[in-house]
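Below is one structure, written out as structure tokens; comments come after it.
The values are calculated or read from the model by the stated rules, or taken from the named source; none is laboratory data. Since the model is a prediction, treat every value here as computed from it, not as a measurement. All Cβ positions, even for glycine, are placed from backbone atoms using ideal geometry, and neighbour counts span all protein chains on display. For the accessible areas, the whole protein counts, side chains as well, though only heavy atoms, and no ligand, DNA or RNA atoms are used. Shrake-Rupley method; radii C 1.70, N 1.55, O 1.52, S 1.80 Å.
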Amino acid sequence: GAALTGSLHGAIIVDPPGTTVAAGDRVFVISSWFTFDTTNFSHLSSDAVLTANGLAWPRTEVVEATQGDTLEWRWINLTVLQHPMHLHGFHFRVDARGNGVRDTLYQPERRRLAVTELVAPGGTLTAVWSPDRPGNWIFHCHMLGHMTPIEIINTPPAHRGAAHGHDALHQMGMLVVGIRVNPSGPRVEDTREPRPIRLLIRSRPGVYGENPGYAHVLGGSPEERDPSRLPLPGPTLVLEKGRPVAINVVNSSHEPAAVHWHGIELESYPDGVPGWSGEGSRVLPSIPVGDSLTIRFTPPRAGTFMYHSHFNEMQQISSGLYGPIVVLEPGEEFDPEGDRVLVFGDGGPWISFT
């Protein structure tokens, strides 16, 4: 069949007179190419792809920046799909949004902070941010089918773990942009005693048809004492702003695991992308079966966030590996009866690219 979208397009940027373009400023045009092939598992052709500036991860540009730089990134969505664009490890300021007809530059008082912003078909986004911590980071679409290679999407869910080779690397693809932030000064270590938390990762075969189910379980909870329990969503992690935590993640599932702390501003290594998060030769591994990894961070702001898998994402997230994080101001208390957290999730693995 004919391709739904192609690549005969480009960007037009109109800046005010005297505008200076910094080295870290970028324009990213989101493109797609896909046809249908009913002989494949997802009914998509094996050459289906989503790109940023014509390239798909791992061939997308890796942007080099220095700690303290101010970066202005413009995203232009020239596909028929919507893309919630997510920045790891930092908040960005939303300076402008557009709908393909006009681009609206917000007045300073209307500019807000975000970690994920939806860019509709034909839409535009101007995101301004400043990395204050060095290391490797990513800016990517948070639709799982848009950040996964087509060969994995075309693999039946029950076999996706095997297709990954059970290695220590991430399985990202397509609409992902890498960032390397170089240090500009000495690192300041938090020497305070952290609050310990233990978080287990479980799985059980045959929960969703032939596919396994997964769950996070809080250490010391009644669910931990019953190995058959797969509670959904994962437990609400109630943290305190400015108080360090040490989360010991224990992998009791059947395949490697990794946890991303979505929206939490932390160091690169514990950010949760195995084979990428970290700096220099110190790069985060996935957590092998039967092993554990302790993640340390200090949440710098109060709010509601989430944690989720960053390994075999299309299988593990949709089948249970996600949960909420609530960060309170010092002195505040969380009332589980009156303070309700609503989490929307899938009931098993899904295959959608579109």
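Some points to look at:
- Condition met for Phe28 (aromatic (Phe, Trp, Tyr), modelled with pLDDT of 90 or more and either open to solvent by 60 Å² or more (accessible area, probe 1.4 Å) or not in a loop (DSSP other than H, G, I, E, B) (or both)): yes
- Subset of region 301-336 [part of a loop (DSSP other than H, G, I, E, B) and either of a type in the set (Phe, Trp, Tyr) or within 16 Å of Val217 (Cβ to Cβ) (or both)]: Phe311, Ser319, Gly320, Leu321, Phe334
- Qualifying residue in region 177-194 (condition: part of a loop (DSSP other than H, G, I, E, B), at pLDDT below 95 and of a type in the set (S, T, N, Q)): yes
For every residue, the table says whether it meets (1) within 14 Å of the chain's Cα centre (by Cα); (2) over 17 Å from Asn248 (Cα atoms); (3) among the aromatic types (Phe, Trp, Tyr).
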residue	(1), (2), (3)
Asp271	yes, no, no
Val283	no, yes, no
Thr294	no, no, no
Gly303	no, yes, no
Leu321	yes, no, no
Glu329	no, yes, no
Glu333	no, yes, no
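- Some residue of region 36-48 being within 19 Å of the chain's Cα centre (by Cα) and free of Cβ contacts under 8 Å to residues at least 24 places away in the same chain: no
- The residues of region 108-128 that are open to solvent by less than 30 Å² (accessible area, probe 1.4 Å) and assigned to a loop (DSSP other than H, G, I, E, B), listed by number, are Val115, Gly122, Gly123.
- Any hit, region 297-306, residues being basic (Lys, Arg) and more than 30 Å from Glu332 (Cβ to Cβ): no
- Residue check for Phe311: in contact with a strand residue (DSSP E or B) (Cβ under 7 Å, 6 or more places away or on another chain), open to solvent by 50 Å² or more (accessible area, probe 1.4 Å), hydrophobic (A, V, I, L, M, F, W, C) and touching a residue at least 60 places away in the same chain (Cβ under 8 Å): no
- Residue match in region 240-247 (condition: basic (Lys, Arg), at pLDDT 95 or above and touching a Ser or Thr at 6+ places or on another chain (Cβ under 6 Å)): no
- Tally, over region 301-327, of residues that are out of contact with any His (no Cβ under 9 Å at 6 or more places or on another chain) and either among the β-branched types (Val, Ile, Thr) or more than 22 Å from Pro156 (Cβ to Cβ) (or both): 6
- Search result, residues across region 31-53 that are β-branched (Val, Ile, Thr) and either surrounded by 11 or more Cβ atoms within 10 Å (Cβ to Cβ) or under 22 Å from Thr104 (Cα atoms) (or both): Thr35, Val49, Thr51
- Here Pro131 fulfils each of the conditions (1) open to solvent by 50 Å² or more (accessible area, probe 1.4 Å); (2) assigned to a loop (DSSP other than H, G, I, E, B); (3) in contact (Cβ under 8 Å) with a residue 60 or more places away in the chain apart from (1).
- Residue match in region 59-79 (condition: open to solvent by 90 Å² or more (accessible area, probe 1.4 Å) and either over 24 Å from Glu265 (Cα atoms) or touching a Phe, Trp or Tyr at 6+ places or on another chain (Cβ under 7 Å) (or both)): yes
- Failed condition for Arg102, given (1) out of contact with any Asp or Glu (no Cβ under 9 Å at 6 or more places or on another chain); (2) open to solvent by less than 10 Å² (accessible area, probe 1.4 Å): (2)
- Flag if Glu193 is in contact with a Ser or Thr (Cβ under 9 Å, 6 or more places away or on another chain) and open to solvent by 40 Å² or more (accessible area, probe 1.4 Å): no
- Pair list, Cβ < 7 Å and 6+ apart or interchain, from region 213-230 residues that are within 21 Å of Pro256 (Cα to Cα) and in contact (Cβ under 8 Å) with a residue 60 or more places away in the chain to residues that are outside any strand (DSSP E or B) and open to solvent by 60 Å² or more (accessible area, probe 1.4 Å): Ala215/Leu232
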